[in-house]
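Each reported figure results from applying straightforward, stated rules to the coordinates on display, with no laboratory input. This structure is a prediction, so every number in the text was calculated from the model and none was measured. Cβ placement follows ideal geometry from the backbone for every residue including glycine, while neighbour counts extend to all protein chains displayed.
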């Protein structure tokens, strides 16, 4: 699926939660940052079923500071080994 969206001009990365020590641990945040300032963040499942038949919710923000905070938090999780990139 990533190959469908990756082009020579895109910088798409996808990450997954990797905490094998804690069975109930999960990263349920879905987030998208576009151009370093447009941000979607929520816990809504981004599937067709969820969008059509569930009350899913997220937040759209246009704010470089909010995007930077999400990037900083993500870096913290990456450096701790909890987020792993799907390549």
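Scanning the stretch 51-70 for residues that are in contact with a strand residue (DSSP E or B) (Cβ under 8 Å, 6 or more places away or on another chain) and part of a helix (DSSP H, G or I) yields a total of 3.
Within the stretch 24-50, count every residue that is part of a strand (DSSP E or B) and exposed (fewer than 14 other Cβ atoms within 10 Å of the Cβ).
Let us first name the residues in the stretch 24-50 that are part of a strand (DSSP E or B), namely 30-34, 38-42.
If we keep only those that are exposed (fewer than 14 other Cβ atoms within 10 Å of the Cβ) as well, we get 34.
Residues meeting the conditions: 1.
Just to check your reading of the model, which residue among 82, 70 is at negative phi, touching a residue at least 12 places away in the same chain (Cβ under 8 Å), under 13 Å from the mean Cα position of the chain (by Cα) and surrounded by 13 or more Cβ atoms within 10 Å (Cβ to Cβ)?
Details: 82 fails: under 13 Å from the mean Cα position of the chain (by Cα).
Only one candidate qualifies: 70.
Sub-7 Å Cβ pairs linking a first residue in the stretch 36-49 that is free of Cβ contacts under 8 Å to residues at least 60 places away in the same chain and at positive phi to a second residue that is buried (at least 16 other Cβ atoms within 10 Å of the Cβ) and part of a loop (DSSP other than H, G, I, E, B), at least 6 apart or interchain, number zero.
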